[in-house]
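Student: This structure is in structure tokens; I'll ask about it shortly.
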Amino acid sequence: MKVDVSLYLVTDSSVLPAGKTLADSVREAIHGGASIVQLREKKLIARDFLATARIINSVCKEENVPFIINDRIDIALACGADGVHIGQEDIPLADARRLLGPNKIIGVTTKSVDQALAAVEGGADYIAPGVVFPTTTKDNAIFLGPAGVAKVVAAVRAINTKIPIVTIGGINSGNVVQMLHDVERESGGFKLSGVAVVSAIMKHSNAKEVASELKEKLANQLYAHTEKDELVERLISLLEKVRTKKPFVHSITNNIVQEMTANIILHLGGAPIMAHSIDEVREVGQHIDALILNMGTLDTLRIASFHEAAKAANEINTPIVLDPVGCGFTSLRRKAVSELLETSKFAVIKGNAGEIGYLYGSLEASSRGADSVGSCQKIQHGRLYHGYVSDGNVVVCCENGNSQLGLLTGTGCSTTALIGCFAGVAEGDYLFAAVAGCVAMGVAAEMAVNLKTDGGGSVVLGPASFRTALFDSIYHLDAITLREYAKAFLIQ
């Protein structure tokens, strides 16, 4: 169940100002931006706790905010609350779920990485690592600090990108922003989903004002799971596979870019081989993880090698990436690509608008050599540096890139090389291998132009220096840079 924990109010009537009711403070806090309310009243006997729960539940229902009961499943069931929050000493998560059913919210306090991972695996709707700062509202609390909370966040995000993570303990408007930054930095770039606040709101006579101030400071500081986040995390996972497995990538490519694409494969983490002879491509094909066929410098011998290598790859289900460079420009290229598509099965076909337009049968774009002329709206949607990837059902837009890519020969072919690397470890998910290759090249280009000298000037002075910076940036791609730069969106 999706839960907004951005500003999580936990009640404590013992700190209420004189003359203020709990219901008044809760309502004010909600009006100030509290997104979820937990009734936590340790000193109340069961009868009084239930009576209070019914009052606060009514307020939350009126304000359309989820209402959670701390610890007491019996109270939650009796008052019709939206769920419960349980600690490590309370009823086990599995039993809580059995009693409450699948449609109630269950949050879990965690004090260690192991407890957090167990809660995620057990089906918690959110987790609350803490406490982050010393507090008087939790007895015998274990103080984790921002670094300890960050360890939990990093461990959880390694297995689950969706579950909300909220921390608690001594949080107020004076320390919340720095704490969030500290957690993000220490976790390797992951943000918390929210903060839980007790006395910082409950003790004030104007709960709305304090909650509103906190909510304003939380703006742009929190993590909310989106399709983009899921795409980026999948990209990170695929990059890690490349770095671990080091796929052996056979590239039969054009004469102009052989050195560049071999280095691109190497810098990403793969192992390149550039064998072109028809006398060895079948033997090479018995050992590779992916095959790249690039039509840039075409002749009859190269075409024969394409067919022999593709046949060998298809026999053992090795993914093939086809780059049909200038496929609509000459009769030789038109015939070659037609025969390849007729006789071989390809995992990915990567081209510019003119090339894909030709294969698609569109007259909106055409080729002049290796360059695309025109604007095939089905492919480009009018955006110069955007790439679109589709398997016929899903369409992903990749928005990274920089104009320097257009000034350097071979960047398109190098993108094909990156796709080949990712395809070699994708285990059949070739749509996402193509997305990963496009995003990786675009992100590396943006990283390259942002590189600075010791004096603060740009490292990139033109195409030649950009080439070196691009290589370095591909080598330095990692989870942090991808989370910072990557822009990929599911548009269909």
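The values are calculated or read from the model by the stated rules, or taken from the named source; none is laboratory data. These numbers come from a predicted model, not from an experiment. No Cβ is skipped: glycine too gets one built from the backbone with ideal geometry, and neighbour counts run over all protein chains shown. Quick note on the areas: whole protein, heavy atoms, side chains included, nothing else; ligands and nucleic acids left out. Shrake-Rupley method; radii C 1.70, N 1.55, O 1.52, S 1.80 Å.
Student: Can you tell me the mean projection area, over all orientations, of the convex hull of segment 376-486's alpha carbons? Units nm², please.
Tutor: Dividing the Cα hull surface by four gives the mean projection, 7.7 nm².
Student: Could you sort the peptides 429-440, 108-119 by per-residue average Cβ neighbour count (10 Å cutoff), highest mean leading?
Tutor: On the way: 429-440: 26.0, 108-119: 20.0.
Packing proxy ranking, top to bottom: 429-440, 108-119.
Student: Calculate the spin-label point distance for residue 113 paired with residue 279, positioning each point 7 Å from the Cα along the beta-carbon direction, and give it in nanometres.
Tutor: 5.5 nm
Student: Another question, then. DSSP H helices in the chain with Cα extent of 24 Å or more along the helix axis and mean Kyte-Doolittle hydropathy at least 0.5? Walk me through the intermediate numbers first.
Tutor: Working: long enough: 46-63 (25 Å, -0.04); 227-245 (27 Å, -0.61); 430-450 (30 Å, 1.58).
Helices meeting the criterion: 430-450.
Student: Moving on to the next point. Using the Cα centre of segment 205-361 as origin and beta-carbon charges of +1 (Lys, Arg) and -1 (Asp, Glu), tell me which of 337, 221, 256 is placed farthest towards the positive end of the dipole.
Tutor: Going by the charge dipole, the pick is 221.
Student: What longest region of the chain stays clear of GluC sites (Glu not before Pro) that DSSP places outside H, G, I, E and B and that have at most 11 other Cβ atoms within 10 Å?
Tutor: Working: sites that count: 89, 427.
Counting only loop sites that pass the neighbour cut-off, the longest clear stretch is 90-426.
Student: When the convex hull of the C-alpha atoms of segment 1-134 is computed, what volume per residue in Å³ does it have? Display every interim value, and only then the final one.
Tutor: On the way: hull volume 15.9 nm³, N = 134.
Cα-based convex hull of segment 1-134, divided per residue, equals 119 Å³.
Student: Using unit Cβ charges (K, R positive; D, E negative) and no other charged atoms, how large, in debye to the nearest 20, is the dipole of the chain about its Cα centre?
Tutor: Working: 45 positive and 52 negative charges, 121 e Å.
Dipole of the chain, to the nearest 20 debye: 580 debye.
Student: Something else: Per the 1.4 Å probe, what fraction of the accessible area of the chain, in percent, lies on carbon and sulfur atoms? Intermediate values should be presented prior to the final figure.
Tutor: Working: 11100 of 21690 Å².
It is 51 percent, rounded to a whole number.
Student: Let me ask you something else. With both bridge residues required to lie in the chain, what share of the DSSP beta bridges run antiparallel, to the nearest 5%? Kindly include the intermediate steps, with their values, before the conclusion.
Tutor: Values: 12 of 50 bridges.
Beta bridges within the chain, antiparallel portion: roughly 25 percent.
Student: Additional query: Around residue 117, what is the net charge, scoring Lys/Arg as +1 and Asp/Glu as -1 over all other residues with Cβ under 12 Å from its Cβ? Walk me through the numbers on the way to the answer.
Tutor: Details: positive: 151, 157; negative: 114, 121.
Neighbour charge sum, excluding residue 117 itself: 0.
Student: For segment 87-183, place one equal point scatterer on every Cα, skip the solvent, and apply the Debye formula. What is log10 of I(q)/I(0) at q = 0.22, 0.25 Å⁻¹?
Tutor: Ignoring solvent entirely, the Cα scatterers give -1.13, -1.32.
Student: Now for a different question. With a probe of 1.4 Å, find how much accessible area the chain has per residue, and write the answer as a whole number in Å². Display every interim value, and only then the final one.
Tutor: Numbers: 21690 Å² over 492 residues.
Ligands and nucleic acids excluded, the result is 44 Å² per residue.
Student: Right, here's the next one. Please compute, over every Cα-Cα pair in segment 193-318, the percentage with a separation greater than 20 angstrom. Each step should come with its number before you reach the end.
Tutor: Numbers: 4923 of 7875 pairs.
Taking all Cα-Cα pairs of segment 193-318, the fraction more than 20 Å apart is 63 percent.
Student: Could I ask something else about it? So what is the relative contact order for the chain, in percent, with contacts set as C-alpha pairs under 8 Å and at least six apart?
Tutor: The value is 12 percent.
Student: Give the peptides 404-412, 32-40, 124-132 in descending order of average Cβ contacts within 10 Å, highest first. Display every interim value, and only then the final one.
Tutor: Details: 404-412: 18.7, 32-40: 23.3, 124-132: 26.3.
The densest-packed peptide leads the list: 124-132, 32-40, 404-412.
Student: Which semi-axis lengths, in whole Å and largest first, follow from the square roots of five times the eigenvalues of the Cα gyration tensor of the chain? Intermediate results must be reported in sequence, preceding the final value.
Tutor: Working: eigenvalues 617, 100, 79 Å².
Values for the chain, descending: 56, 22, 20 Å.
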